[in-house]
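The values are calculated or read from the model by the stated rules, or taken from the named source; none is laboratory data. Quick caveat: nothing in here was measured; it's all calculated off a predicted structure. Here the Cβ is made from the backbone with ideal geometry for all residues, glycine too, and neighbour counts use every protein chain on show. These area figures cover heavy atoms from the full protein model, side chains too; ligands, DNA and RNA do not enter into them. Shrake-Rupley method; radii C 1.70, N 1.55, O 1.52, S 1.80 Å.
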Amino acid sequence: MTEPKRDFLEIDELSHAELATLLDTMVAWKVDPSRIRPALAGKGVALVFEKPSARTRNSGEMAVVGLGGHPVTIRQDEISIDHRESAEDVARTLASFHAILAARVFDHTVLERMAAAVDIPIVNLLSDRAHPCQALADLLTIRELLGALEGRRVAYVGDGNNVAASLAFGAALTGLELIVSSPVGYELDDLVVDRARNLGGVIELVSDPHEAVRGVDVIYTDTWTSMGEEAEAEIRREAFRGWQVDDALMATAGPDARFLHCLPAHRGDEVAASVIDGPASAVWQQAANRMHAARALFAFLIEGTV
Ligand code: CP
Ligand code: NVA
C-alpha cells in the first residue's frame, strides 16, 4: 500500500523528528550540493500566486530546478481561483500535470479545499493564517547564526500575523523559546498560542517591546500591514508606533543580538534602516535560505522521507 500524500499547510504538520531531519537535510545540501537527490526529475511543480511575491516565487522555482523538476508559476489573473473556476477544479487540473501544487492565497481555506480535492501534496506559500515555508527558512537561519535552536531565545516584535504564527509553531517544535510583543488588538491568536504550548513550546507574551527583547539572541519583525490589509495601513502605523525595531531596541537585547525579517521590509516603519542595513542584520542570509528550505521540503513531500 502506498503512503498517504503529505500536505504542508502549516509547519506543525511535521513531527518534531521530521522537522529536525528536514533542517539537517537543508544544512547538508547547502554545504554539499553533490548530495542533493533529483527527487523531481521529470516532474512538474505548479506555483500559484494570488498575491505578489519576490522571494517565494524565485526560491520555489529554483528549488524545483535544483531537484531536477520543472516549475510553472501561475498568477491569479491567469486562473482566477473561485471566479473562473473553483479552487477544487483548479487543483484537479494542475494535479493532472504536476507532482506538487504550491499556492499563495488570501484565504487559508482555499488550500484546505485544494488539499481535499487532489492526491498530490499541497504546499502553503503564504495564506492569511500561515507562512510555513518562511518558518523553515527562519529556523535554518537561526540555527546557522546560533549553532543550535534548543533553548535559544527569539523575540518577535510586531504584528501577530501569519509569519508570527508559523514561527511560533516552528519554535515550539524545535525548542526555540519565543517572546512575542504586539500592540493591543494585534496579538497572536489565542488558538495559535495554545497550539504552540500544546506542542511543547515555551512562548511568552510581553506587552512592552523593551521588556520582551531583554537578553534575547534574535529580534524578528515583519510588516505592520500584510498583503490584503492595505486599507488599514494608516490605523496600523499609529497602533504599532513604539514597536519599531530600532537601535535602542537592539541595544536592549544586547550586543550579540541578531536581526531577522521575512521581507519585504519598510524602513522607518517596523524597522529602522540602521538596523536592517547594519551589522546585526542577517536578512539576506535568511532570504537566501528560502531556497534551501523549499528544496528539502519538496524532496520530503515527494519521497515521503528526509
Ligand atoms: N518573505 C516572503 O515570502 O517574500 P515574498 O512575499 O517576496 O515571497
Ligand atoms: N505578513 C506578510 C508577509 C509577507 C511575506 C504578508 O502576509 O503580507
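Odds and ends about this structure:
- Pairs meeting the criteria (first residue in the stretch 65-82 and without any contact (Cβ under 8 Å) to a residue 40 or more places away in the chain, second residue among the aliphatic types (A, V, I, L, M) and in a helix (DSSP H, G or I), beta carbons under 6 Å, at least 6 apart or on different chains) are PRO71/VAL64; ILE79/VAL90; ILE81/ALA87; ILE81/VAL90.
Residue-by-condition table, conditions (1) within 16 Å of ligand 2 (Cβ to nearest atom); (2) among the hydrophobic types (A, V, I, L, M, F, W, C); (3) under 20 Å from ASP24 (Cβ atoms):
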residue: HIS98; (1), (2), (3): no, no, no
residue: LEU136; (1), (2), (3): yes, yes, yes
residue: ALA148; (1), (2), (3): no, yes, yes
residue: THR174; (1), (2), (3): no, no, yes
residue: VAL184; (1), (2), (3): no, yes, no
residue: GLY200; (1), (2), (3): no, no, yes
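Here's the yes/no breakdown for (1) under 14 Å from PHE298 (Cβ atoms); (2) touching a residue at least 24 places away in the same chain (Cβ under 8 Å); (3) of a type in the set (D, E, K, R); (4) open to solvent by 50 Å² or more (accessible area, probe 1.4 Å):
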residue: GLU3; (1), (2), (3), (4): no, yes, yes, yes
residue: ASP12; (1), (2), (3), (4): no, yes, yes, no
residue: LEU22; (1), (2), (3), (4): yes, yes, no, no
residue: VAL27; (1), (2), (3), (4): no, yes, no, no
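- Entry remark, the stretch 44-71: residues being surrounded by fewer than 19 Cβ atoms within 10 Å (Cβ to Cβ) and more than 11 Å from ligand 1 (Cβ to nearest atom) number 5 in total.
- Subset of the stretch 14-43 that is within 23 Å of SER166 (Cα to Cα) and polar (S, T, N, Q) - its residue that is nearest to ligand 1 (Cβ to nearest atom): THR25
- None of GLU112, GLU85, GLU150 is under 27 Å from SER207 (Cα atoms), surrounded by fewer than 24 Cβ atoms within 10 Å (Cβ to Cβ) and of a type in the set (D, E, K, R) except GLU150.
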